[in-house]
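Scroll down for the structure; my scribbles are underneath it.
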Amino acid sequence: MSIIFDKTNQVFLLNTISSSYIIKIFANQYILHYGWFPKIDEWNDMFAAPVTGRAMSPNPEIFEGKLDFSLDTQPQEFSGAGITDFRNSSIEIKSENGTIATDLIFKSYRILKGKPQIPGLPATYSLKNEEADTLEIDFMDPLTEVTVILSYTVWKNYNAICRHTVVKNTGKYDICLEKVMSCNVDFCGSRYKMLQLSGAHARERHPVFRKLVPGNQGIESKRTASSLQQNPFIALMDYDASETRGNVYGFNLVYSGNFYANVEVDQFNMSRVQLGINPFNFEWKIKPEEEFYTPEAVMVYSQNGLGEMSRTFHDLYRNHLCRGKWQYKERPIVINNWEATYFNFNAEKLFKLADEASSAGIELFVLDDGWFGKRNDDTSSLGDWFENKEKLPGGLAEISDGIHKRGLKFGLWFEPEMVSPDSNLFRNHPDWCLHIEGRSSSLSRHQLMLDLSRNEVVDYLYERLYSIITENKIDYVKWDFNRSGTEVGSGTATAAEQMKVSHKYYLGLYNLMEKITSALPDVLFESCSSGGGRYDPGMLYYMPQAWTSDNTDGISRLAIQAGSTIAYPASSMSCHVSAVPNHQTGRQTFLAERGHTAMAGTFGYELDLNKLNPVELKEIKDQVEIYKTIRKTVQFGDYYRLENPWTESSDAEITDFTAWNIVSKDKNQAVFTIVWNYPEANAPADIIKLQGLDESKKYKLTCPQSKTIREFFRLYSPFPMPEAAFYPFENDIVVSGDLLMKCGLQIPYRPHFGSSIQIILNAL
Ligand code: GLA
């Protein structure tokens, strides 16, 4: 049982594999938080925050002046509003009388086996009751008689707790929810660094670290999408925590819309972490007997640094968030025509590209934007999901057949949630887009967002997608979303319902994705949003992989990808090799480097193969062959960030090299990669220690890039592996996991084979 109730102390111990999260029922009234620690066997109240009177902290009337108790001085599980706690509230309920003060008085609790799902929302799931236990705590606000339920699922095999909140109107009058968080965790102390994943289009998920200071610090999105700019993830880390050391607490919201993630450090240096739907443009009226469910917050604890936290997120998401046939299936190697042709293609060009792809061993051909309506640039046709017969006279069927005949699977791009003003859909249904009556609607990339809070819009999209996909034997869908929401309002909502629209949009989208993905279980879905603008766990529930970034530069990708692996598994991270000079940065990099970097996730190409010379085509063929031998390890193994492309002091500062090691679950294979961000002349000596290997196993090291791995080690790494350096094989050396992890590899001061090296380790 991972949830223990200690009756004497009136305390719940929520025990994961190696952590304990302590919840206290205080005076049978309030629910306090007593800490989140490495696992303990029993609790003693002497370790709790003392209940002593503090100047300027008022006492709730409920104690009739007998106790120096104030919610303002106590770490809580979920904070009310306008009562005796002046910090950020977890919930604000506007009652019939127009006030928002909300008091939460403990009523009861239940412990359930397994994990209940959250209606209409994506969330982690457990298929077997033994995998998790769930604690539900009920509160009631005495005035409105509204019931608030906190739900905690405690995972047996992960250091993870998943939380969400339910608000039930058990009172007599309508109420209006102004704010409701998915989780609230009050830490005693503020000596933490906060980590966030921030950026912009083509520069997503760059880790940024800052020390907590008194007051509020946080991130949010008001863009009607989780966003390119901020990912719905934050972590608190000990000051000296690193990839391998220290306490780290990670928080991730399973939601793709407007979110809020904040840490408030109070007057006593307690730190309140909150994640939930952004209160901006949110208001939810609840009639008696109705209820509201928040999205889920996933909370992960690691005692051994950021790396372990990441691997917990990866395993939890791969095993208990991703679903369907593709959950554990190795993902195909892609050729995508976007950077190869942009809008300028015809059947002949596509087939020529497919011919080269097929002879290189590539497995899936993706036809990107431009196959529908009259779309020859980005100014028209979104919404008209009918094939463009002018561009493709034989229609999609001809393309699909031609691609399949060449031995490739066939994938198609859609941007279902959008509409171009220049489209038949818009001309026929001008009010199907999000808009506010009387205001002009702002365009972004010449397009508007459809109003997915309306069922008829969802139905139209379902019909169009289902028909195109089934009629043309589509094997894969790239589901794009290329603008942020403005003038968010609905033509059908009453004034009282307009502030529901941003969230109802996501309920509509999730409903659509649930229907289409379950109707088409064989199709592999990849989400995309101008690159990684909705790279969040909400999307992962429906689509097991995401386009990581529109920036395909082999060096820019180092930070974007390593940043993505902070919370998301490599199986979700779609990475393509593109042309040089790179279309986003103009940078020239070696084809080998682009390949090595893209092989950190689900792999593919996005360039015109017909423009390459035979040597390059051969190299691509080799890369494809190599990836096939390591893809299971890469996509489903354990990811170790050995050297990151960022420093903690400044996002702009870049380290000399980036290195990672991905190890298969059985530890029989590992893929070690090092990329020089800026190859330096006569660089200082450095050693890199591998992680995650089996110390008792012997590994054969192969550097596919070089036929002379032995020469490579003789030249660059004679120390500390004499055994290895003189091993009498031409291409392969054998060395123990023990040595590789303890002694490490000497970093070559001059990258001999380009600016990257990939070494594949296979256990003997
Ligand atoms: C977005 C995507 C790209 C590509 C284009 C097509 O920018 O991120 O990969 O599909 O749209 O318009």
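Of the residues making up segment 611-661, not one is more than 25 Å from Gly563 (Cβ to Cβ) and touching an Asp or Glu at 6+ places or on another chain (Cβ under 6 Å).
Selection of segment 585-622 for residues being among the basic types (Lys, Arg) and surrounded by fewer than 22 Cβ atoms within 10 Å (Cβ to Cβ) yields Arg587, Lys611, Lys618, Lys621.
Only strands (runs of 3 or more DSSP E) whose full extent lies in segment 169-213 are considered here, and the ones with at least 3 residues that are in contact with a His (Cβ under 9 Å, 6 or more places away or on another chain) and within 21 Å of Pro295 (Cβ to Cβ) are 175-187. If you filter segment 661-692 down to residues that are among the aliphatic types (A, V, I, L, M) and in a loop (DSSP other than H, G, I, E, B), you find that the one that is modelled with the highest pLDDT is Leu690. For beta carbons closer than 7 Å, sequence separation of 6+ or different chains, a first residue in segment 405-424 that is assigned to a helix (DSSP H, G or I) and a second that is modelled with pLDDT of 95 or more and within 16 Å of the ligand (Cβ to nearest atom), the qualifying pairs are Asn424/Asp384. Residues of segment 73-91 include at least one that is modelled with pLDDT of 95 or more and acidic (Asp, Glu). Checking each residue in segment 220-248 for being assigned to a strand (DSSP E or B) and either surrounded by fewer than 22 Cβ atoms within 10 Å (Cβ to Cβ) or at positive phi (or both) picks out Glu220, Asp238, Gly246. Taken together, Glu648, Glu695, Glu711, Glu653 contain a single residue that is modelled with pLDDT of 95 or more and not aliphatic (A, V, I, L, M), which is Glu695.
Step by step: first the residues of segment 27-58, then only those that are more than 36 Å from the chain's Cα centre (by Cα) and in contact (Cβ under 8 Å) with a residue 60 or more places away in the chain, then the one that is farthest from Ser90 (Cα to Cα). Which residue is that? Restricting to residues being more than 36 Å from the chain's Cα centre (by Cα) and in contact (Cβ under 8 Å) with a residue 60 or more places away in the chain, the top hit is Arg54.
One residue stands out in segment 375-399 among those that are away from the ligand (no atom under 16 Å from the Cβ), surrounded by fewer than 20 Cβ atoms within 10 Å (Cβ to Cβ) and not basic (Lys, Arg): the one that is farthest from Phe351 (Cα to Cα), namely Phe386. The residues in segment 126-158 that are more than 22 Å from Lys24 (Cβ to Cβ), in a loop (DSSP other than H, G, I, E, B) and not hydroxyl-bearing (Ser, Thr, Tyr) can be counted, and the count is 7. The residues of segment 598-620 that are in a helix (DSSP H, G or I), free of Cβ contacts under 8 Å to residues at least 12 places away in the same chain and of a type outside the set (A, V, I, L, M, F, W, C), listed by number, are Pro614, Lys618. Output yes when any residue across segment 430-439 is in contact with a strand residue (DSSP E or B) (Cβ under 7 Å, 6 or more places away or on another chain), outside any helix (DSSP H, G or I) and within 16 Å of the ligand (Cβ to nearest atom), and no when none is. Looking for residues that are in contact with a strand residue (DSSP E or B) (Cβ under 7 Å, 6 or more places away or on another chain), outside any helix (DSSP H, G or I) and within 16 Å of the ligand (Cβ to nearest atom), one finds none in segment 430-439, hence no. Looking for whichever is more than 16 Å from the ligand (Cβ to nearest atom) and not polar (S, T, N, Q) here; the options are Phe426, Phe414. Which one fits? Just one listed residue meets the conditions, Phe426. Note on segment 448-467: residues that are in contact with a Phe, Trp or Tyr (Cβ under 6 Å, 6 or more places away or on another chain) and surrounded by fewer than 22 Cβ atoms within 10 Å (Cβ to Cβ) amount to 1. Checking Met449 against (1) free of Cβ contacts under 8 Å to residues at least 12 places away in the same chain; (2) in a strand (DSSP E or B), which test does it fail? Unmet for Met449, out of (1) free of Cβ contacts under 8 Å to residues at least 12 places away in the same chain; (2) in a strand (DSSP E or B): (1).
The single residue among Lys352, Lys287 that is within 30 Å of Tyr260 (Cα to Cα) and basic (Lys, Arg) turns out to be Lys287. Just so you know, in segment 152-166 the residues that are among the aromatic types (Phe, Trp, Tyr) and in contact with a strand residue (DSSP E or B) (Cβ under 6 Å, 6 or more places away or on another chain) include one that is nearest to Thr312 (Cα to Cα), and it is Trp155. Only one of the numbered conditions (1) within 16 Å of the ligand (Cβ to nearest atom); (2) part of a loop (DSSP other than H, G, I, E, B) is not met by Ala340, and that is (2). Contact map, segment 317-344: first residue more than 23 Å from Val577 (Cα to Cα), second residue within 16 Å of the ligand (Cβ to nearest atom) and part of a loop (DSSP other than H, G, I, E, B), Cβ cut-off under 9 Å, separation 6 or more or different chains; pairs are Cys322/Met543. Does Leu121 fit the bill of being touching a residue at least 40 places away in the same chain (Cβ under 8 Å), of a type outside the set (Phe, Trp, Tyr) and in contact with a Pro (Cβ under 9 Å, 6 or more places away or on another chain)? Yes, satisfied. Selection of segment 692-707 for residues being farther than 18 Å from Leu764 by Cα and out of contact with any Asp or Glu (no Cβ under 8 Å at 6 or more places or on another chain) yields Gln705, Ser706. Do we have any residue at all in segment 351-367 that's within 16 Å of the ligand (Cβ to nearest atom), in a loop (DSSP other than H, G, I, E, B) and at pLDDT 95 or above? So far as segment 351-367 goes, no, none of its residues is within 16 Å of the ligand (Cβ to nearest atom), in a loop (DSSP other than H, G, I, E, B) and at pLDDT 95 or above.
The values are calculated or read from the model by the stated rules, or taken from the named source; none is laboratory data. Just so you know, these numbers come straight off a predicted model, no measurement behind them. Methodologically, a virtual Cβ is constructed for each residue, glycine included, from the backbone with ideal geometry; neighbour enumeration extends over all protein chains shown.
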